[in-house]
Amino acid sequence: MAVAPARTQPLIAVLSRVPLFVEALRAAFEGIADVQSVSADDVAAHGLVRAFRPDVVIIEGADTGAVDIAVPCVRVELNEQRLSIWSGGEWKTIEVELSPETIRNVAVAALYGGDTP
């Protein structure tokens, strides 16, 4: 069995159908975390997300099938301009202006237990 290399930065899995969204997050997380994109159109996307063993999952859209893993999950609904975090078994909306940096800050706060913006 191959052993995964030790990480030097947290791994953020981004489950999305929008490549530009992923690229904006990749830029926002530069130097802070590694970003691994997973196409939400992939029929095995949720299994792939789990296989990466991410530290945080960011889900673009209303698809929430990845939240059964035990890591912080952030949901971004672009059409509604809404950001939510999975906490206590439910999605809690966070009232913020949506931007890649805000999404990054919420994800980092969820990972390290800090206050969300």
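A62 to L98: extension gain in nm, 0.36 nm per residue of separation minus the Cα-Cα distance? Walk me through the numbers on the way to the answer.
Values: separation 36, 0.36 × 36 = 12.96 nm, distance 1.57 nm.
Length difference between fully extended and current span is 11.4 nm.
Between E80 and L11, the simple spin-label model (points 7 angstrom out along Cα→Cβ) gives 3.0 nm. Put simply, the convex hull of the Cα atoms in the chain casts, on average, a shadow of 7.5 nm².
Beta bridges per DSSP, both residues in the chain: antiparallel share near 40 percent.
Going from the residue with the fewest nearby Cβ atoms within 10 Å to the one with the most, I59, I32, I94 rank I32, I94, I59. Taking all Cα pairs closer than 8 Å and separated by 6 or more residues, the relative contact order of region 11-111 comes to 25 percent. Membrane-span-like helices in the chain, defined here as complete DSSP H runs extending at least 15 Å along the helix axis by their C-alpha atoms with mean Kyte-Doolittle hydropathy no lower than 0.0, are 100-112; this is a sequence and geometry rule, not a statement about a membrane.
Here the Gaussian network model covers the chain, with springs between Cα atoms less than 10 Å apart; of R26, R82, R104, R82 fluctuates the most.
Computed from the coordinates by the stated procedures, all read-outs in this text should not be read as laboratory data. Note that the structure is predicted; figures quoted are calculated from it, not measured. A quick note on method: Cβ atoms are made from the backbone with ideal geometry, for glycine too, and the neighbour counts reach across all protein chains shown.
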